[in-house]
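Okay, so here's the structure we're looking at.
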Amino acid sequence: MVFFVPWDSIGFRRIGESSYCITADGPVAAKPYALLRQALGRNEKVAVARFALRGCERLGLVRPYGDVLLLHAMRWDDEVRDPNELAPDAVDLTEQELAEAIALLDGRRCRSGGTPGRRRRVGTSSGRSARGEGTRLTGG
């Protein structure tokens, strides 16, 4: 572990796709593991660490999650793009347009009747695979 920082000081775009549970390796490691997990949780800090994965040095964030520690792979500075490079040009919006957009968001329901955010199997009625063969996305 390189240093400790407040959890809210980490930019979420720096956190990568992969997360791993860290476990204590035997009874000797159980007490320091629990001590680190509880200390991080109590003062709302996270550890920034370096670790090796598949032969490459990576940057990681260690944080408590329930009774375990999670290691989130992080991106190095040169792997994070400046969002200002990607932002579209400024446009004029009226209050009416914004109010209608908010009303649409507030009233939107999941069409499948399921809970938004839950995984469900996607396929076609023709029995083709969910890889996109015979599938067309439509708006609305």
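The values are calculated or read from the model by the stated rules, or taken from the named source; none is laboratory data. On a predicted model such as this, the values are computed, not experimentally measured, just so you know. Ideal geometry is used to build each Cβ from the backbone, glycine not excepted, and the neighbour counts take in all protein chains shown. Note: accessible area is taken over every heavy atom of the protein model, side chains too, but ligands, DNA and RNA are not part of it. Shrake-Rupley method; radii C 1.70, N 1.55, O 1.52, S 1.80 Å.
Hey, any idea what % of segment 55-95's accessible area is carbon plus sulfur with a 1.4 Å probe?
Working: 1500 of 3020 Å².
Ligands and nucleic acids excluded, carbon and sulfur give 50 percent.
The simple spin-label model puts a point 7 Å past each Cα toward its Cβ; for Arg75 and Asn43 those points are separated by 3.0 nm. Label-to-label distance, Asp89 versus Ala34, with points set 7 angstrom from Cα along the beta-carbon direction: 6.2 nm.
Length gain on complete extension for the stretch Cys56 to Leu105, per 0.36 nm per residue less the alpha carbon to alpha carbon distance?
Values: separation 49, 0.36 × 49 = 17.64 nm, distance 4.25 nm.
That works out to 13.4 nm of additional length.
Exactly which GluC sites (Glu not before Pro) in segment 1-89 are in a DSSP loop and have at most 13 other Cβ atoms within 10 Å? Loop-located and lightly packed - Glu44.
Let a ≥ b ≥ c be the square roots of the eigenvalues of the Cα gyration tensor of segment 61-104; is it rounded (a/c under 1.5), or, if not, prolate (a/b larger than b/c) or oblate?
Values: a/c = 7.38, a/b = 1.78, b/c = 4.14.
It comes out oblate by the Cα gyration axes.
Which shape class applies to segment 3-49: rounded if a/c is under 1.5, otherwise prolate when a/b exceeds b/c and oblate if not, where a ≥ b ≥ c are the square roots of the Cα gyration tensor eigenvalues?
oblate
What the Cβ-Cβ distance of Glu17 and Asp67 gives, at R0 = 30 Å and to the nearest 0.05, is a FRET efficiency of 0.80.
Where a ≥ b ≥ c are the square roots of the eigenvalues of the C-alpha gyration tensor, would you call segment 30-92 rounded, which needs a/c under 1.5, or, failing that, prolate if a/b is larger than b/c, or oblate?
Numbers: a/c = 4.13, a/b = 1.84, b/c = 2.24.
Cα axes put segment 30-92 in the oblate bin.
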